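Below is one structure. I have some questions about it.
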Amino acid sequence: MPADVRARQRTGTGLGLLLALVLGAVLLTVLPDHGRREGGACTPHTVASWSADDRLTGEFARYGDDATRTDDWTGGDGTHSVRLPDGRVLWLFSDTYLGQVHRPPNPVGESYPWRDTAAPLVRNSAVVMDGRGRPESTLPTPLFPDPAQNQWRWPVAARVEPRSPGSSEQVVRVLLWVRAAGQSPWIYGVPTATEVATLSLPGLRVESVVKVLDQSLVPDPSRRILFGTTLAEKGGWTYVFGGDDGRAVSRPASSAYVARVPEGRLGDAAAWRYWDGSGWGLRPRPVSGAKVGSAFSVVRVEGTYVLFTMAAGTAGLTTVTSYWACSPVGPWHGPTRNFSPSLPTAGVAAYNPQVHPELSGDGRLVLSYDVNWLETSGASASINANVTLYRPRFVTVRVARAR
């Protein structure tokens, strides 16, 4: 096992705590071509209500606790999802624990399901959910192998698109963040590149992985941009959002960026164009008014764009807030109403609020959030002693016009 994997097992690090520390936002977007307002009235929006989605949270707990196999998912973070043409949902995770989960009490007498401290930790995994909403299988792990020694891949947003423009054959395209082992403040990895993987349908076999944006030569790692926190399709284009890691070095905030790619060409680096402040070119520039973390997204509600993110300051360890805008490039207004989803125990952080549009509808948005210990020292052992800590939890949110 590589030394950096062992180190990550000791510290319990992963995409989760990275996002907790940077207080990153995670969004879903439906975007206009050049940031202009579109049809439908744009009005201030805010969170009207929210409630825990115990059924969906329970489904991942049930699946993770199933002890019939030792090579499947028992916990992970960096939660993303995409609906497949046959009705299944593919769930993508970053650092993932495998192994076997044991019934409580745990070794110190607490009433939590637990796994052995030698449980394998892999960089990424994928879980397939059936059409009834029940996770049913884990694809061979890691789904995306390490690109080089001391480097790894974290999957982020994904979509189903034509294999090539105009093709009737569909494939799954998955955005990947490549990170490399580094020293403080890059204990969660130095951002290196954005890649796109192509998966076959219906078999979900990885056919290829291509690099679409290399950032390894950017001298300041905090200004390197990774794309794929979320994406959206509109008018024959795929819009892909990205961010830098400015907060990892205590800058007040990180910046948000967006690229667009013709449908069917996500895996073609030459087809990517980046918002440069006034149009689409080859040099990405931050979008207006959005100061976020390295992961973020936006959902369009009745002509208004609504952004979900962790709140600023220490509140961001437990509290989700929202902003609104008439354009994805801003200006953004807020924060508006906050809400604090439930946490399994004291001393943990909520992070990575992620909208899942394939599960949303009827005026409601389904959001997941991840949880992990605030302290990295000994976190891996604590996660193994209480497996409920390192699994996605879900809430249902309704947004409405602000009064």
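Read-outs: derived from the displayed coordinates by stated rules, not from any lab. Because the structure is predicted, anything quoted here is derived from the model rather than measured. With ideal geometry, Cβ positions are generated from the backbone for all residues, glycine too; neighbour counts draw on all protein chains shown.
By counting other Cβ atoms within 10 Å of each Cβ, how are Phe241, Phe60 ranked from fewest to most?
Values: Phe241 31, Phe60 23.
In increasing order of surrounding Cβ atoms, one gets Phe60, Phe241.
Where does each of Leu217, Leu56 land when they are ranked from fewest to most other beta-carbon atoms within 10 angstrom?
On the way: Leu217 6, Leu56 21.
If I rank by nearby Cβ atoms, fewest first, I get Leu217, Leu56.
Calculated FRET efficiency, Ser168 and Asp214, Cβ-Cβ r, R0 22 Å, to nearest 0.05? Don't skip to the answer; put the middle values down first.
Working: r = 32 Å, r/R0 = 1.48.
Using R0 = 22 Å, I get an efficiency of 0.10.
Could you work out [θ]222 nm for the chain from helices alone, using -39500 (n - 2.57) per DSSP H run of at least four and dividing by all its residues? Round to the nearest 500 deg cm²/dmol. Don't jump to the answer; show the numbers that get you there.
On the way: 4 runs with 36 residues, N = 403.
Computed ellipticity for the chain at 222 nm equals -2500 deg cm²/dmol.
Pick out which of Ser51, Ser342, Ser184 has the largest mean-square fluctuation in a Gaussian network model of the chain, springs linking Cα atoms closer than 10 Å.
Ser184
Would you mind counting up the charge near Trp154? Only other residues with Cβ under 9 Å from its Cβ, with Lys and Arg at +1 and Asp and Glu at -1. Please list the in-between numbers first.
Details: positive: Arg123, Arg153, Arg179; negative: Asp95.
Spelling it out: positives minus negatives among the neighbours equals +2.
Also: Going by amide H atoms built from the backbone, whose H comes under 5 Å of the H on His102, apart from near neighbours?
Trp114, Arg115
Calculate one ³J(HN,Hα) per residue across region 189-199 by plugging θ = phi - 60° into the Karplus curve 6.51 cos²θ - 1.76 cosθ + 1.60, and present them in order as whole Hz with x for glycine and proline.
Residue by residue, region 189-199 yields x, 8, x, 10, 6, 10, 10, 10, 9, 10, 10 Hz.
Taking volume of the Cα convex hull per residue in Å³ straight from the coordinates, which label in [x] 140; [y] 175; [z] 131 is the correct one?
Structure-derived value, by its label: [z].
Still on this structure: How do Lys291, Lys211 rank when sorted from fewest to most other Cβ atoms within 10 Å of their own Cβ? Kindly include the intermediate steps, with their values, before the conclusion.
Details: Lys291 20, Lys211 15.
Least to most surrounded, the residues fall as Lys211, Lys291.
Give the separation of the Cα centroids, region 183-262 to region 337-403, in Å.
What the calculation gives is 22 Å, centre to centre.
How much net charge surrounds Ser51 when only the other residues with a Cβ under 13 Å from the Cβ of Ser51 are counted, with Lys and Arg +1 and Asp and Glu -1? Before the final figure, lay out each step's value.
Values: positive: Arg55, Arg364, Arg393, Arg398; negative: Asp53, Asp54.
Here the charged neighbours net out to +2.
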